[in-house]
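Chemist: This is the structure, below, for whatever I ask next.
The values are calculated or read from the model by the stated rules, or taken from the named source; none is laboratory data. Only a predicted model underlies this, so the values are computations on that prediction, with no experimental measurement involved. Here the Cβ positions follow ideal geometry from the backbone for every residue, glycine too, while neighbour counts run over all protein chains shown. All accessible areas refer to the heavy atoms of the entire protein, side chains included, with ligands and DNA or RNA removed. Shrake-Rupley method; radii C 1.70, N 1.55, O 1.52, S 1.80 Å.
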Amino acid sequence: MTDEAAERKMQFLYTLRTRGVTDKATLTAMEKIDRGPFVRGIFAGRAYEDTPLPIDCGQTISQPSIVGLMTQALDVQRRDKVLEVGTGSGYQAAVLSQIARRVYTIDRHARLVQEARKLFEAMNLSNITAIHGDGSHGLPDQAPFDRILVTAAAEDPPGPLLAQLKIGGIMVLPVGQSDTVQSLIRVRRTETGLDYDELSPVRFVPLVGGLARE
Ligand code: SAM
């Protein structure tokens, strides 16, 4: 690593810590996964800024500190099977893959799924499976999941996703109208039902039903 790259990484991790990402497993995962390859074209030079950036298909790669806060709120354990809804660039799935046993990630844009698969292969991230589909139905073939992370905002937590969460499982997702500030919420499935807590205001693109054209 060049001095410049090392300095950039230190700054990146420092920013995450100052914005509340303190969980060691999350920071280690984000130290290992370089955000650079997940940002392309004219925005490539801004990959290490703590900001969301445009990606193909009119979507966005999330802000790194939000990726960190969502990952730490999910409290992923080594043996966990995780579902991510909203592959986008693949960055969040790559971060999760450093902590979880297996990650399934699903996006309604075939092109984003193809591009993410190429990156996962190039980075040797063999515990990620990227699927083209409507994630609002979850992934019944692989359910139940220990953890579910949704990276697009729904008005309410989708019923199929709640149903695919194991007892003791955790789901983290943005909830609210797409054109306003939403709330990041955490849902835990207990023996007796579901516990909800509200974590922070966030802003995500909407969770859209059905498959996209490209
Ligand atoms: N996690 C991504 C990353 O690390 O780059 C960022 C995700 S981006 C903010 C939201 C993604 O959710 C978009 O790629 C969009 O296509 C996807 N999406 C929206 N509705 C969906 C649905 N019903 N099923 C699957 N993906 C969906």
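Chemist: How would Met123, Met10, Met30, Met1 line up by accessible area, probe 1.4 Å, largest first?
Modeler: Met1, Met10, Met123, Met30
Chemist: Could you please state how large a percent of the accessible area of segment 1-67 is carbon and sulfur, counting protein chains only and using a 1.4 Å probe?
Modeler: It is 52 percent, rounded to a whole number.
Chemist: Could you grab the relative contact order for the chain? Cα pairs under 8 Å, six or more apart, rounded to a whole percent.
Modeler: It rounds to 16 percent for the chain.
Chemist: Which of Met1, Ser65, Pro52 sits closest to the plus end of the dipole of the chain, meaning its Cα is farthest towards the positive end, when Lys and Arg get +1 and Asp and Glu get -1 on the C-beta?
Modeler: Going by the charge dipole, the pick is Met1.
Chemist: How far is helix 110-122 tilted off the main Cα axis of the chain, in degrees rounded to 10, range 0 to 90?
Modeler: 60
Chemist: Still on this model: Tell me, what is the Rg over Rh of the chain, with Rh the Kirkwood radius over Cα pairs?
Modeler: 0.94
Chemist: Hey, what's segment 3-202 come to in accessible area per residue, 1.4 Å probe, Å²?
Modeler: With the other protein chains kept in place, segment 3-202 gives 46 Å² per residue.
Chemist: Moving on to the next point. Please determine, in degrees from 0 to 90 and to the nearest 10, the orientation of helix 64-74 with respect to the longest principal axis defined by the Cα atoms of the chain, where the helix direction is its Cα long axis.
Modeler: 40
Chemist: If I take every Cα pair under 8 Å that is 6 or more residues apart in segment 127-179, average their sequence separation and divide by the length, what percent do I get for the relative contact order?
Modeler: That works out to 40 percent.
Chemist: Could you work out the relative contact order of segment 53-161, using alpha carbon pairs under 8 angstrom and six or more residues apart, expressed as a whole percent?
Modeler: It rounds to 29 percent for segment 53-161.
Chemist: For n ≥ 4 DSSP H runs only, could you compute -39500 (n - 2.57) per run for the chain, divide by its residues and tell me the 222 nm figure to the nearest 500?
Modeler: That calculation yields -8500 deg cm²/dmol at 222 nm.
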